[in-house]
Amino acid sequence: MKKLILSTAFLFVGFCAFSQQDVQFTQNMFNKLSINPGSAGHNGGFCATLLTRTQWIGFDGRPQTHQFSGDARFGRHGVGLTVFQDQLGIEKSLVAKLAYAYHLQLGPGELGIGLDVGFVNKSFGDNFVAVDDFTQDPSIPNASTSAGSIDASFGLFYEIKETMYVGISALHLPASTFEDAAAGGAGDVGALNFEQARHYYIMAGYDWKIDGTDKWILKPSILVKSDAASTQLDVNALIEYNKLVWGGVTYRLQDAVAALAGVNVPQLPGLKIGVAYDYTTSALGAHNSGSLEFMVRYCKNISKAPKREVYHSVRFL
């Protein structure tokens, strides 16, 4: 598995661009559901995750994203919900989607086959900033516009508990077009015309118990994101001590280096709190103070305890 992760990373090193439309998180190892519906219920119980990210602090119109996701497992069936809001300048996105996954035993691990269906709303404000008079360009709306569409995704997720995972998924399968004429008075011109591209994800991770126990666990992982026109690669390495605290780094090719830290709250078993700070390495680094991201995650086993059955011999009543 270590060789697979490294080989996949080097395979995509030569491809990197930043035109993808999907939101970006650094703590993606805790955010599998939103990008792969096949992972719904993979923890075997109930999990809820809240992520909030402010990107490019100090940069006007910077991306700001808030996301909630939750999933649960019932037998071989996993269900999940993801809701997020994202704002980038005058553009706002609101997404809500339901996921379902069927889990089946495959070799030493388990394969999740998942599908999610939801609704996406795109809106653009009217406070467009430009050097020239943008109202003279009919392709730019001079009043607020909004449009929505149904969305769907498919994913496969394979996991060997506490050892490794690998997943592949395709998002925005309908590749919808959002269209709307400028709202307001008769003098309004322009229209919203936004084409949503399909996105493809590959994720993989490995848990290496350094001394053969749970005292020190190294957790390398990768995430590859592509819209078939450009590709981005995240390489992550976390080290967890005594299943209590963790820290690590992420390198996002030609974009940022990030530091991550977190804790499993011992007073509330199942509760994780994490934080990540990205230092921008691209040309945008001269115009911002980095990106900050917070994560709160809670997981609980919801499986029922097995019913105790006692057999009494008719000879001994």
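The values are calculated or read from the model by the stated rules, or taken from the named source; none is laboratory data. The structure presented is a predicted model; accordingly, all values stated were derived computationally and were not measured. A quick note on method: Cβ atoms are made from the backbone with ideal geometry, for glycine too, and the neighbour counts reach across all protein chains shown.
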What is the number of the single condition among (1) farther than 26 Å from residue 292 by Cβ; (2) modelled with pLDDT of 90 or more; (3) not β-branched (Val, Ile, Thr) that residue 128 does not meet?
(2)
Among 77, 172, the single one that is surrounded by 15 or more Cβ atoms within 10 Å (Cβ to Cβ) and either at pLDDT 95 or above or in contact with a His (Cβ under 9 Å, 6 or more places away or on another chain) (or both) is 172
State all residues of region 80-90 that are buried (at least 17 other Cβ atoms within 10 Å of the Cβ) and hydrophobic (A, V, I, L, M, F, W, C); if no residue qualifies, say none.
81, 84
Could you tell me which residue of region 96-108 is farthest from residue 46 (Cα to Cα), considering only residues that are out of contact with any Lys or Arg (no Cβ under 6 Å at 6 or more places or on another chain) and buried (at least 17 other Cβ atoms within 10 Å of the Cβ)?
97
Residues being of a type in the set (Gly, Ala, Ser) and at pLDDT 95 or above: count how many of those fall in region 252-284.
6
Considering only residues that are of a type in the set (A, V, I, L, M, F, W, C) and touching a helix residue (DSSP H, G or I) at 6+ places or on another chain (Cβ under 6 Å), look in region 189-237 and name the one that is nearest to residue 279 (Cα to Cα).
235
Give just the number: which of (1) free of Cβ contacts under 8 Å to residues at least 12 places away in the same chain; (2) in a loop (DSSP other than H, G, I, E, B); (3) surrounded by 14 or more Cβ atoms within 10 Å (Cβ to Cβ) does residue 285 not satisfy?
(2)
Region 81-106: number of residues that are under 26 Å from residue 147 (Cβ atoms), small (Gly, Ala, Ser) and in a strand (DSSP E or B)
3
Return yes or no: is residue 86 within 15 Å of the chain's Cα centre (by Cα), on the phi < 0 side of the Ramachandran plot, modelled with pLDDT of 95 or more and not basic (Lys, Arg)?
no
What are the residue pairs meeting all of these: first residue in region 264-277, first residue surrounded by 15 or more Cβ atoms within 10 Å (Cβ to Cβ), second residue polar (S, T, N, Q), Cβ atoms under 7 Å, and 6 or more apart or on different chains?
272/264; 274/27; 276/26; 276/27
If you scan region 207-227, which residues turn out to be crowded, with 19+ Cβ neighbours inside 10 Å and not in a loop (DSSP other than H, G, I, E, B)?
217, 220, 221, 222, 223, 224, 225, 226
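Out of the residues in region 14-35 meeting the condition of being among the β-branched types (Val, Ile, Thr) and closer than 17 Å to residue 258 by Cα, tell me which one is modelled with the lowest pLDDT.
Among those residues, the one meeting the criterion is 23.
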